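Presented below is the structure to which this report refers.
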Amino acid sequence: MTSPERVAPPNGSADPEPRRAPGVMARIIGSVAKTLAIADMEVRKLRHDPTELLTRAIQPVLWLVVFGQVISRGHVVATGELPYLDFLVPGILAQSVLFIAIFNGISIIWERDLGIVHKFLASPTPRAALVLGKALAGGVRAVTQAVVVAALALLLGVRLRWDPAALAGVVVFVVLGAALFSTFSLIVACLVKTRERFMGVGQVLTMPLFFASNAIYPISMMPGWLQTISRLNPLTYQVDALRHLLLPSVGVVPIGLEIDLAVLAAALALLTLISARLYPRIVI
């Protein structure tokens, strides 16, 4: 059986060289560029509506000015020689990151209703880049919230570390935590698919994540079953890292920055894979 004849090029010239598939490095650079483009698109929304930052700042103000001052006077939480208000600031910063990121997924529901998600899915952009772009934008929003919390802490007389290495670490863990919970939020949005259900699920998830962490009290004060849950809670590791980086004295035994970073990075990678797999289901 003879092979089919090759068709000559229409201009009679020699066969052109076959196109080479892009290398691994080129694909990585392309994915990073697409991720940054998605993140830039999301951040522009914030520039068009900066009032969101003001409304998000109300909650940490109430926690630090009201709750923190009252508990500090009562001396009911053992934090060693560290004042309770100082102990509380990293926890409230992590809480602000959580509350901003956990509702980030509602944007994908809006985009589905406007037909934007269909265009994204029809493009050659990798699903992981779509997910990470939104997660990175959530990190940018969280960094602006961190500035608000730090300014408020200064007004309240909290002693913070201001060396460049510590501040750089704070930014890394704020972005990492916001990206993690933003990705988790996208998974919820892909599953529930309606704004009303998403808001209900978001409200249900935020408070258990917050109270089952070391944000407002040490893990050692919790009953055994809650300590186990707290050690499975990613927010615990973000709070521990922020407390270690922001405060001259942590006041409690820290978990360790290396463990905090490993747990948050591994959780983000796992949630990104799940979210990228579920992303197309939002339109079904």
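No lab work stands behind these numbers, since they all come straight from the coordinates. On a predicted model such as this, the values are computed, not experimentally measured, just so you know. Neighbour counts run over all protein chains shown; Cβ positions are idealised from the backbone, glycine included.
The table that follows gives values for the structure above.
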quantity	calculated
Vicinal HN-Hα couplings computed from phi for segment 238-252 (Karplus, 6.51 cos²θ - 1.76 cosθ + 1.60; Hz; Gly/Pro x)	5, 4, 4, 5, 5, 5, 5, 7, 8, 9, x, 10, 5, x, 9
Least to most buried among Asp113, Asp260 (fewest other Cβ within 10 Å first)	Asp113, Asp260
Highest-MSF residue in the chain out of Pro254, Pro164, Pro218 [GNM, Cα springs under 10 Å]	Pro164
In nm, spacing of pseudo-spin labels at Ala265 and Met41 (7 Å Cα→C-beta vector)	2.9 nm
Table column - 3J(HN,Hα) (Hz), segment 165-178, Karplus curve with 6.51, -1.76, 1.60, x for Gly and Pro	5, 5, 5, 4, x, 4, 4, 4, 6, 5, 5, 5, x, 5
Two-site label geometry, Ser31 and His118: point separation in nm, points 7 Å out along Cα→Cβ	2.9 nm
Residue with peak Gaussian network fluctuation, the chain [Cα springs, cutoff 10 Å], from Gln95, Gln69, Gln238	Gln69
Fully extended contour minus Cα-Cα distance, from Arg281 to Ser220, at 0.36 nm per residue	17.8 nm
Percent RCO, i.e. relative contact order, over segment 227-284, from Cα pairs under 8 Å lying at least 6 residues apart	33 percent
Ascending count of other beta-carbon atoms within 10 Å, so fewest first, for Val192, Val239, Val149	Val192, Val149, Val239
Placed amide H near Leu247: partners under 5 Å, 5+ positions off or other chain	Arg161
Residue with peak Gaussian network fluctuation, the chain [Cα springs, cutoff 10 Å], from Phe184, Phe99, Phe67	Phe67
Order of Ile29, Ile187, Ile102 - criterion: other Cβ atoms within 10 Å of each residue's Cβ, fewest first	Ile29, Ile187, Ile102
Estimated translational D of segment 31-283 in µm²/s (Stokes, Kirkwood radius over Cα pairs; 20 °C; 1.002 mPa s)	115 µm²/s
Nearest-0.05 FRET efficiency for Val172 and Val253, computed from C-beta distance (R0 22 Å)	0.50
Per-residue ³J(HN,Hα) for segment 85-91, Karplus 6.51 cos²θ - 1.76 cosθ + 1.60, θ = phi - 60°, Hz, x for Gly and Pro	4, 5, 4, 6, 4, x, x
